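I have placed the structure first, in the form of structure tokens, so that the comments after it can refer back to it.
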Amino acid sequence: MYSTANSTTRSLTVSQLNRHIAALLEQQVGRIWVEGEISNFTQAASGHWYFTIKDERAAVKAVMFRGRALRVGFMPKQGEKYRFYAAVTLYEPRGDYQLQVESLQRAGLGDLHAEFERLKQKLADEGLFDSASKKTPCRVPQRIGVVTSLAAAALRDVLTTMRRRAPHVEVYVYPAAVQGEEAQEQLCTALGKAIADQAVDTILLVRGGGSLEDLWSFNSERLARLIKASPIPIISGVGHETDVTIADFVADVRAPTPTAAAELCCASQAQSNADLLGLFRRLQQCQARILERASLRLDRATGRLVSPEQRILHRRQQLQQLVARMQRSATIQPQQQQLRYLQHRLLRCVPQTQGARQQVVLAQKRLQPLVQQQLQQHQQRLRAVCHTLHALNPEAIVDRGYAIVRNQHGDIIKRSVDVQANEPLHIQLAQGHLLVKLKQKHDLL
């Protein structure tokens, strides 16, 4: 404690006084719940919220910093009552005490928020929000189911979007109340009928924005489990982008608005036509390559094909050779006698090898310059062939400023009709490679 009994007591500076009072407020009061109306609400460029909390008799200034404000999920409105969880602090430069708000909720909705968080945590613990088990909606559906109220603006938004993007897709509407006491039961009944009919490829669960009470029917545990058990992909489009319900967490895809849900449920007609055209062109190219390969195989098979007349002629020649061998075998006895006679004469002859050796030496001397001459001629021809081969080498051609263009499969591009717009191309240069995307092409007619 600081005494004021005499003038010798140490005095405080204003900064010290404010710092002491700020410490007392934080220690003695701490964090509390405060209820009141918002006035003088301002959102700074930094994202912080500055406002005043008041009731009929008093008011207090408050601030909510950007990080906590982003987690609120809605924009407070002046004149509405809210419950604030805040720390009591003192702004020391001016000596004003204020509240640093950490969270806020609409007055009277504390029980609903608590129930929402309890159910959210329960279903999360059971794995109902796991992304690994979520289904992927069909990209080109034939029929779309919409679960919503017939009088809802969300239905008009969905139908307008579907007529604009995909008029060929049939839309089945399963009506149900989306607000009020009967809404939860009707939503479950309508969704259950859509699943049981098995008539649609994707189901849209949609409604417009509203308060927490307005959207409470989409926080039903029964509805959440029905969404999770559905074999048909479900896209939720409940409220505005800042609105979040249990149905959003369980659904296979969460859209920020009903219109966005209609856009996510299928590809547009223009995109489908473009995809179909691309597939048709790829099919044509594949067919052309198949026909080319079949033509080559046919040519090779035709080259190996032997006509029956040639086969008969060949067999006839083999038969004649066999007949001749049989005839020679019949006269082998006289030939054996002649062979013995010739062998006897050969033994009496003494070969004269000296003259033959001299002839071999002379022949070697004459042959050596001829071999050298032939070797030089062959070397000259080899150099000419190497020069020609070097001139025809693709890398040598690239060194002179040309390039080799390949598609993404590694095939060399020779004609402009073999590539498509926006197709990635690989260009080989003399030094290095380029990976480019084709922007425009000009085919030769």
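The values are calculated or read from the model by the stated rules, or taken from the named source; none is laboratory data. The structure displayed is predicted, hence computed values, not measured ones. Please note: Cβ atoms are built from the backbone with ideal geometry, for glycine as well, and neighbour counts cover all protein chains shown.
Within segment 176-213, track down each residue that is within 31 Å of the chain's Cα centre (by Cα), in a loop (DSSP other than H, G, I, E, B) and of a type in the set (D, E, K, R).
The one that is within 31 Å of the chain's Cα centre (by Cα), in a loop (DSSP other than H, G, I, E, B) and of a type in the set (D, E, K, R): 201.
Condition check: crowded, with 16+ Cβ neighbours inside 10 Å and either in a helix (DSSP H, G or I) or in contact with a helix residue (DSSP H, G or I) (Cβ under 7 Å, 6 or more places away or on another chain) (or both). Does residue 272 satisfy that?
Working: crowded, with 16+ Cβ neighbours inside 10 Å: yes; either in a helix (DSSP H, G or I) or in contact with a helix residue (DSSP H, G or I) (Cβ under 7 Å, 6 or more places away or on another chain) (or both): yes.
For residue 272, the condition - crowded, with 16+ Cβ neighbours inside 10 Å and either in a helix (DSSP H, G or I) or in contact with a helix residue (DSSP H, G or I) (Cβ under 7 Å, 6 or more places away or on another chain) (or both) - is met.
With (1) over 18 Å from residue 203 (Cβ atoms); (2) touching a residue at least 24 places away in the same chain (Cβ under 8 Å); (3) outside any helix (DSSP H, G or I) as the list, and residue 151 as the residue in question, which single condition is left unmet?
(2)
Determine the pairs where a residue that is small (Gly, Ala, Ser), located within segment 56-76, has a partner that is surrounded by 10 or more Cβ atoms within 10 Å (Cβ to Cβ) and outside any strand (DSSP E or B) with Cβ atoms under 8 Å apart, the partner being 6 or more residues away or on another chain.
69/47; 69/48; 73/242; 73/243; 73/244
Suppose the filter is modelled with pLDDT of 90 or more and part of a strand (DSSP E or B); does residue 124 pass it? Before the answer, list the steps.
Details: modelled with pLDDT of 90 or more: yes; part of a strand (DSSP E or B): no.
No; evaluated as a whole, the condition is false for this residue.
How about segment 80-106: which of its residues are under 16 Å from residue 50 (Cβ atoms) and not in a strand (DSSP E or B)?
Scanning segment 80-106 gives 93, 94.
From the list 199, 194, which one is surrounded by 17 or more Cβ atoms within 10 Å (Cβ to Cβ), modelled with pLDDT of 90 or more and not hydroxyl-bearing (Ser, Thr, Tyr)?
Only one candidate passes the filter, namely 194.
Within segment 235-254, restricting attention to residues that are under 24 Å from the mean Cα position of the chain (by Cα) and touching a residue at least 40 places away in the same chain (Cβ under 8 Å), which residue is surrounded by the most Cβ atoms within 10 Å (Cβ to Cβ)?
Ranking the candidates gives 237 first.
Pick out the one residue from 295, 230 that is within 21 Å of residue 174 (Cβ to Cβ) and polar (S, T, N, Q).
After applying the criteria, what remains is 230.
So which of 54, 122 is surrounded by fewer than 18 Cβ atoms within 10 Å (Cβ to Cβ) and not assigned by TED's automatic domain parsing to the domain that holds residue 239?
Sole residue among the options that is surrounded by fewer than 18 Cβ atoms within 10 Å (Cβ to Cβ) and not assigned by TED's automatic domain parsing to the domain that holds residue 239: 54.
Of the residues in segment 388-405, how many are under 39 Å from the mean Cα position of the chain (by Cα) and among the hydroxyl-bearing types (Ser, Thr, Tyr)?
Number satisfying all stated conditions: 1.
Which residue pairs have Cβ atoms under 8 Å apart, sit 6 or more places apart or on different chains, and have a first residue in segment 199-214 that is under 17 Å from residue 157 (Cβ atoms) and a second that is hydroxyl-bearing (Ser, Thr, Tyr) and in a loop (DSSP other than H, G, I, E, B)?
203/230; 207/149
Right, residue 263: touching a Pro at 6+ places or on another chain (Cβ under 7 Å) and either β-branched (Val, Ile, Thr) or within 30 Å of residue 221 (Cβ to Cβ) (or both) or not?
Taking the combined requirement at face value, the residue does not satisfy it.
Tell me which residues, restricted to segment 76-103, are touching a Ser or Thr at 6+ places or on another chain (Cβ under 9 Å), closer than 16 Å to residue 41 by Cβ and modelled with pLDDT under 85.
Hits for segment 76-103 are 78, 79.
Conditions first: (1) outside any helix (DSSP H, G or I); (2) in contact (Cβ under 8 Å) with a residue 60 or more places away in the chain. Residue 278 passes all but one, so which condition is the exception?
Every condition holds for residue 278 apart from (1).
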